[in-house]
């Protein structure tokens, strides 16, 4: 049995202060949130080697995964990265200034714009994705393979259920 963690302490405090609360689910969700923050910090440290933030990696990797010519519209990028259009515009502006992406007219709709990964952006994201995969493997191998497989299956099931909720 693992040693008590920060979430156990929080649950004990709420149990003392508000015994009327139903703690079912809190431990799971709280641990997922704490793990998410810890894993995000690990990824940020790995990407810092390339002077790249996670926000930039997300956009560049999303474009790279599309295959040649590595492009999407800003709306598609927003949807793929779960960002608001305003936040995406800001990110595209910053990446364009850095020479990692460029905007060009959408050939099928002169009013539309698409965002393309530049050669510089593709080279950077190809190096970054290797660091990203290495970091993920390092984090995941803290658990035995059989436990990783079971956890991944359970998390996949939970995510699929939560994705059924109406969009925000």
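The residue list 84, 97, 118 contains one member that is on the phi < 0 side of the Ramachandran plot and surrounded by 12 or more Cβ atoms within 10 Å (Cβ to Cβ), which is 118.
The criterion of at least 1 residues that are touching a strand residue (DSSP E or B) at 6+ places or on another chain (Cβ under 9 Å), free of Cβ contacts under 8 Å to residues at least 60 places away in the same chain and closer than 27 Å to residue 139 by Cβ is met by the following helices (runs of 4 or more DSSP H) wholly inside region 1-72: 54-64.
The set of residues in region 103-121 that are more than 11 Å from residue 71 (Cα to Cα) and either under 18 Å from the mean Cα position of the chain (by Cα) or without any contact (Cβ under 8 Å) to a residue 60 or more places away in the chain (or both) comprises 105, 107, 108, 109, 110, 111, 112, 119, 120. In region 128-136, the condition of being under 24 Å from residue 47 (Cα atoms), more than 18 Å from the chain's Cα centre (by Cα) and part of a helix (DSSP H, G or I) is met by no residue. Residue 24 meets all of the listed conditions (1) surrounded by 10 or more Cβ atoms within 10 Å (Cβ to Cβ); (2) at pLDDT below 95 but one, namely (1).
With respect to (1) more than 26 Å from residue 42 (Cβ to Cβ); (2) modelled with pLDDT under 95; (3) part of a helix (DSSP H, G or I), the lone exception for residue 87 is condition (1).
The values are calculated or read from the model by the stated rules, or taken from the named source; none is laboratory data. Here the structure is a predicted model, which is why all the values come from computation and not from measurement. All Cβ positions, even for glycine, are placed from backbone atoms using ideal geometry, and neighbour counts span all protein chains on display.
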